[in-house]
Ligand code: C5P
């Protein structure tokens, strides 16, 4: 039978990764953090000093990039060819660059293929910005997880151990990314028409997971 696909979309810091992880544990399936793939492309662009204004050369550049997500004991790891780049993709610079890079159609096209191929053989929770709208329009269950900006910024700030940014900087950077992600013409951040809306402003992780589980029938 065809794999079970659950999608969770929403703005930065809404708790998508934490909730996806917990939900996948409950369901005994994998979870896929698609933002990590965009961060991986951003990492390679920075490492190779590729000028993103050179749009005519982007496809060539992308064809040389091979990203792989692997589930390991301590969580999801991202590999670029054989290098584990998991620890390098969460810096403020890569975070911002990922947001710019994600507006490029060639980048989205490449990552779309990777995401769909994972779903061919695995039951999975996919989290990102366009999972329910573009990548998996026929997903079995779709959720849109959001929360007030201030709450999202506080959560993100408290969960980063290396404080490279102040709380206000985290909030400002999130606001810019949300705006970029929602206003781009290619696969903008927005709820799918058939997504269940979940406002996590006043909910903890367990509550959110319970609420989602209540929608999932076997
Ligand atoms: O989810 P995360 O914040 O790690 O994603 C980093 C960036 O990647 C987002 O700001 C967004 O621009 C982009 N992204 C996207 N589509 C996805 C997942 C992430 O455009 N499905």
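Just checking the listed ones, 63, 182, 99: in the Gaussian network model of the chain with Cα springs under 10 Å, the one fluctuating most is 63. Seen through its C-alpha gyration tensor, with square-root eigenvalues sorted a ≥ b ≥ c, segment 1-91 comes out prolate because a/c lies at 1.5 or above while a/b is bigger than b/c.
For the chain, what is the calculated [θ] at 222 nm in deg cm²/dmol (nearest 500), taking -39500 (n - 2.57) for each run of four or more DSSP H residues and dividing by its residue count?
Result for the chain, helices only: -14000 deg cm²/dmol.
Taking the DSSP beta bridges with both ends in the chain, the antiparallel portion is around 30 percent. Relative contact order of segment 20-120: 30 percent, from C-alpha pairs under 8 Å at least 6 residues apart in sequence.
Taking a ≥ b ≥ c as the square roots of the eigenvalues of the Cα gyration tensor, segment 91-218 is oblate, since a/c reaches 1.5 or more and a/b is not larger than b/c. Highest mobility in the GNM of the chain, judged by mean-square fluctuation with C-alpha springs under 10 Å and restricted to 136, 126, 50, is found for 50.
GNM remark for the chain: springs join alpha carbons under 10 Å apart, and the peak mean-square fluctuation among 96, 71, 131 falls on 71.
Judged by the ratio a/c of the largest to the smallest principal axis of the C-alpha gyration tensor, segment 39-97 counts as oblate, that ratio being 1.5 or greater while a/b is no larger than b/c.
Values quoted throughout were computed directly from the atomic coordinates according to the rules given, and no laboratory measurement underlies them. Note that the coordinates shown come from a computational prediction; the quantities given were computed from them, not determined experimentally.
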